[in-house]
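In what follows, a single structure is set out as structure tokens and then discussed.
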Amino acid sequence: MCLSVPARIERIEGDTAICSVGGATCQASLQLLEGQLPQPGDYVLIHTGFAIQKISEEEAAETLRIFEAFDELNQQLDEEERQTGQRIV
Amino acid sequence: MKYIDEYRRREHVLALADLIRRESRKPLRIMEVCGGHTMALRRFGLHSLLPDHIELISGPGCPVCVTSRQFIDQAIALSRQPEIILTTYGDLNRVPGSSSSLEQEKARGGDIRIVYSILDALTIAAQNPEKQVVFLGIGFETTSPATAAGILKAQMAGLFNFSVLSAHKIMPPAMAALIDQGVNLHGYIGPGHVSTITGSKIYDFIPQKYGLGVVISGFEPTDLMQSVYMLVRQRETHRPAVEIQYNRVVTREGNLKAQQLLEEVFELRDDWWRGLGVLPQSGMAIRTRYADFDAGKRFSVEIEPTREDKGCLCGEVLKGLKKPTDCKLFGKACTPSDPVGACMVSSEGTCAAYFKYVTIQ
């Protein structure tokens, strides 16, 4: 019920976006979006036939960057553990 | 697929699990209050990556599961009116009422149609001017803005053979009620898509009044593990707060246009929640100025006396007090193909998640 899917806007007809979701095409009403309407190429979150939010590309990339940092930190700690032969924390 | 696959990388999930194991010392009981989170946590087996002293408990975040049986009975009564075409999201179709279900009514010839969007219900109303089309409005703040938009669209289009039976609810009163009713928790994984609409500000009272943290999470494995990690840090540093992990779609203020539509069409009322009872100002009633589109006001139908199943523990499961496997009916008298309680019916229900992903392990 609360499942929403990220979709790429292919084109816009009136207040409806024609979107691509994992290769399938679907329509989404843009009625619930505020401010500047999204453009083709933008990603939106679709729920029950309505785009409920534009997906922030910057924030999405930032979250992934944080995950990469966790990964690096973990590798460092693993390396230290290998050298000392004991759990650090 | 963009914004999904990138958040499923196994090594990131394991790295986060490792960080959690290193930094978490204190017992931590976290509740997720969104059915989507319940399913994702089970599907990706994330419980098994956490140390024993971190407990993830499922809460009342499946809209179908908390909907009252009386609402189902009312929908069934409406579907028996010859002039009515009943339209509903698929989730409600198999939920047992007191003596029937929408699926059974359809088999008996009731005109019940499953729609993907309220816009489909409007199309049906336009195509069937001699009929009355009733849409069952269920769900939290993620779903209710679409219902509000649908009602406004019907009014603009002059579709006065369209109306909504509303069981829409809002999430914060349930999160407060759980703590007030004594459920032992240290933090919430906040609902991601509800918060897309409401913004994170609606949870500010939880750290302020109750001293519990809330982390609003996305639905992919790395999102959820990061959210658990954020709650671990809050707990270890004694700093409960509202934080947004899912910041690619959630902001502090939320979707203001959707909030305006909700305010325009709905007003709060006391409402009944399965497992939690009546919670003040937790349900969304259609405002009097849109009474023409309120099926509850337009159609007076006789509703059968509500009969609850004895032995079904859905209520306790929704409060996180019992596990699905504690229920005598689970996997025996109650299965996804023949459900007794709503928690087994909905794909986002805790019992359905357990049945699908836990008992088969």
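The values are calculated or read from the model by the stated rules, or taken from the named source; none is laboratory data. This is a predicted model, so every value here is computed, not measured. All Cβ positions, even for glycine, are placed from backbone atoms using ideal geometry, and neighbour counts span all protein chains on display. The protein model used for the area step is the full one, side chains on, heavy atoms only, and it has no ligands, DNA or RNA in it. Shrake-Rupley method; radii C 1.70, N 1.55, O 1.52, S 1.80 Å.
If one computes the Cα centroid of segment B:1-42 and of segment A:15-89, what distance in Å separates the two points? A separation of 15 Å, based on Cα centres.
Please average, across the residues of A:58-65, the number of beta carbons from any other chain that are within 10 Å of each residue's own beta carbon, and give a whole number.
Details: counts 2, 7, 8, 2, 2, 12, 7, 0.
Rounded to a whole number, the mean comes out at 5.
B:Lys323 contributes about 110 Å² of solvent-accessible surface, heavy atoms of the protein only, 1.4 Å probe. Our coupling estimate for segment B:40-50, obtained by passing each phi through the Karplus curve with A = 6.51, B = -1.76, C = 1.60 and θ = phi - 60°, is 5, 4, 6, 4, 8, x, 5, 4, 6, 8, 9 Hz, Gly and Pro reported as x. Legend: residues in segment A:1-29 shielded by at least 40 square angstrom of accessible surface upon adding the remaining protein chains to the isolated chain (1.4 Å probe, heavy atoms) are A:Met1, A:Cys2, A:Pro6. Using the Cβ-Cβ distance between A:Leu37 and B:Glu6 with R0 set to 25 Å, the FRET efficiency from 1/(1 + (r/R0)^6) comes to roughly 0.45. Taking the Cα centre of the protein assembly as shown as origin and assigning +1 to Lys and Arg Cβ atoms and -1 to Asp and Glu Cβ atoms, the resulting dipole is close to 1000 debye. Kindly list the residues of segment B:218-249 that lie in the label zone of A:Arg65, defined by a backbone N under 15 Å from the point 7 Å along the Cα-to-C-beta vector. Under cut-off, by backbone N: B:247-248.
Expected output is a single nm value to one decimal: the length gained when fully extending between B:Ile114 and B:Ser99, i.e. 0.36 nm times separation in residues minus the C-alpha distance. What is it?
Values: separation 15, 0.36 × 15 = 5.40 nm, distance 2.07 nm.
Gain on extension, B:Ile114 to B:Ser99, equals 3.3 nm.
Here the Karplus relation 6.51 cos²θ - 1.76 cosθ + 1.60, evaluated at θ = phi - 60°, turns the backbone of segment B:250-257 into coupling constants of 10, 10, 5, 8, x, 8, 5, 5 Hz, with x for every Gly and Pro. Here the Karplus curve 6.51 cos²θ - 1.76 cosθ + 1.60, taken at θ = phi - 60°, turns the phi angles of segment B:304-317 into couplings of 5, x, 6, 10, 8, 6, 6, x, 6, 9, 3, x, 5, 5 Hz, with x standing for Gly and Pro.
What does the C-alpha gyration tensor say about the overall shape of segment B:1-126? Classify as rounded when a/c is under 1.5, otherwise prolate if a/b is larger than b/c, or oblate.
On the way: a/c = 4.18, a/b = 2.29, b/c = 1.82.
Here segment B:1-126 falls in the prolate category.
Across the protein chains, with a 1.4 Å probe defining accessible surface, the residues B:Cys62, B:Cys312 rank B:Cys312, B:Cys62 from largest area downward.
Nearest 100 Å² is fine: what is the total accessible surface buried where chains A and B meet, probe 1.4 Å?
Numbers: alone 6830 and 15780 Å², together 18350 Å².
Buried area (both sides, nearest 100 Å²): 4300 Å².
Once backbone amide H atoms are built at 1.01 Å from N, B:Trp273 has B:Val278, B:Leu279 as its partners under 5 Å, excluding neighbours fewer than 5 places away on the same chain.
Apolar share of the accessible surface for chain B: 50 percent from carbon plus sulfur atoms, 1.4 Å probe. Heavy atoms of the protein chains alone define the surface here; on that basis segment A:2-79 has 47 Å² accessible area per residue at 1.4 Å probe size. The slack between A:Glu57 and A:Thr25, meaning 0.36 nm per residue of separation minus the straight C-alpha distance, is 9.4 nm. Extension gain for B:Glu236-B:Lys201 works out to 10.3 nm (0.36 nm per residue, less the C-alpha to C-alpha distance). Residues in chain B average 38 Å² of solvent-accessible surface per residue, probe 1.4 Å, ligands and nucleic acids excluded. Residue order by solvent-accessible surface for A:Thr25, B:Thr87 is A:Thr25, B:Thr87, largest first, with ligands and nucleic acids left out and a 1.4 Å probe.
According to the Cα-based calculation, Rg over Rh for segment B:270-323 is 1.10, with Rh computed by the Kirkwood formula.
So if we plug the beta-carbon distance of B:Glu308 and B:Leu152 into 1/(1 + (r/R0)^6) with R0 = 51 Å, what FRET efficiency do we get, rounded to 0.05?
On the way: r = 36 Å, r/R0 = 0.71.
So, using R0 = 51 Å, E works out to roughly 0.90.
Less than 15 Å Cβ to Cβ from B:Val133, Lys/Arg counted +1 and Asp/Glu -1: what total charge do the surrounding residues give? Please list the in-between numbers first.
Numbers: positive: B:Arg113, B:Lys131, B:Lys153, B:Arg298; negative: B:Glu83, B:Asp111, B:Asp120, B:Glu130, B:Asp292, B:Asp294.
Overall, the nearby charge balance is -2.
Projected label points at B:Arg252 and B:Arg21, each 7 Å from Cα along the beta carbon direction, are separated by 3.7 nanometres. Points 7 angstrom from Cα along the Cβ direction at A:Thr16 and B:Val278: gap in nanometres? If labels sit at A:Thr16 and B:Val278, their model points lie 4.4 nm apart.
Between amide H atoms placed 1.01 Å from N, distances below 5 Å from B:Glu243 occur with B:Val214, B:Val215, B:Ile216, all of them 5 or more places distant or on a separate chain.
May I ask you to list the residues of segment B:135-166 whose amide nitrogen lies under 12 Å from a point 7 Å from Cα along the Cα→beta-carbon direction of B:Gln81? Residues B:135, B:161-165 qualify, since their backbone N sits under 12 Å from the label point.
In this structure, A:Leu73 and B:Asp326 have a Cβ-Cβ separation that, at R0 = 51 Å, corresponds to a calculated FRET efficiency of about 0.85. Residues B:Phe293, B:Phe355 ordered from highest to lowest accessible area at a 1.4 Å probe: B:Phe355, B:Phe293.
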